[in-house]
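Below is one structure; the comments refer to it alone.
What follows is calculated from the coordinates using simple rules that are stated; it is not laboratory data. Only a predicted model underlies this, so the values are computations on that prediction, with no experimental measurement involved. Here Cβ is always computed from backbone atoms with ideal geometry, including for glycine, and neighbour counts include all displayed protein chains.
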């Protein structure tokens, strides 16, 4: 027994433990206090880093918010973050970091500036496209009268979203914005997960009347699409869900989502991307956690973050 304990201590201290390090970027309240991070080693139990304090405060956008923070690490180890910076802006926020502790100056990317009627830019996310060697940034926007109408409700106040995108190789220059995904329903909170040569887009059907408010899937063999607008049946249950984010943990693919009417988070998982098991009762998250991103980091990055008070 003493020998086994010594081996365990050696592996832990030398950084050779088999424990995986997963992070979850998120916001709380309305997003005024910025980026929060939680960690997990098993994809089920998530705990706040820095005792729940934020790592960076928002400085851009009409409302100076940092909602829906999406973080993607590039091949050189740099982390890129895009976020919703205001409820009614025609721009999105961006910042970068090498360690998730020290961040670049934030900037606003005016992705819908050319559309004066655009009502918003919500929940931007990214995926790397290896075929074209660029990053696709995509988000939800409503442009009144632009797309097929859906039955509205008083709460939605005329919002009818579609997914738009821009391309970049360096996060300095960006291609002209174009329509990325245009189904016959209002759609928000798209996220793309590459696996086995397939790009799976998880999205929220936002139709309000009659209400859908559930997560669905479409897929393509190319990061840039096209993605079929005939999507799957709901993969979440009889509750309202939004803000999906996807994480591979061992043999399982987890989809985490905000059960926003219940003020808690839920999760489903699958081994084959077809049959989904609801494991909402098995996951725990920090109190107040809202829409964000789950991703894997190195032991070095995690250990540095874990020392920040």
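Could you please find all residues in region 238-254 being surrounded by 14 or more Cβ atoms within 10 Å (Cβ to Cβ) and free of Cβ contacts under 8 Å to residues at least 40 places away in the same chain?
Selection gives 239, 240, 241.
Residues checked against (1) part of a strand (DSSP E or B); (2) free of Cβ contacts under 8 Å to residues at least 40 places away in the same chain:
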| residue | (1), (2) |
| --- | --- |
| 262 | no, yes |
| 265 | yes, yes |
| 274 | no, yes |
| 281 | no, yes |
| 288 | no, no |
| 292 | yes, no |
| 296 | yes, no |
| 303 | no, no |
| 309 | no, no |
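Within region 206-223, track down each residue that is in contact with a strand residue (DSSP E or B) (Cβ under 8 Å, 6 or more places away or on another chain), surrounded by fewer than 20 Cβ atoms within 10 Å (Cβ to Cβ) and either without any contact (Cβ under 8 Å) to a residue 60 or more places away in the chain or within 23 Å of residue 258 (Cβ to Cβ) (or both).
212, 213, 219, 220, 221
Which residue out of 301, 235, 268 is within 25 Å of residue 182 (Cα to Cα) and buried (at least 17 other Cβ atoms within 10 Å of the Cβ)?
One residue alone meets the criteria, 235.
Among the residues of region 186-197, count how many are in contact (Cβ under 8 Å) with a residue 24 or more places away in the chain and surrounded by fewer than 21 Cβ atoms within 10 Å (Cβ to Cβ).
Total satisfying the criteria: 4.
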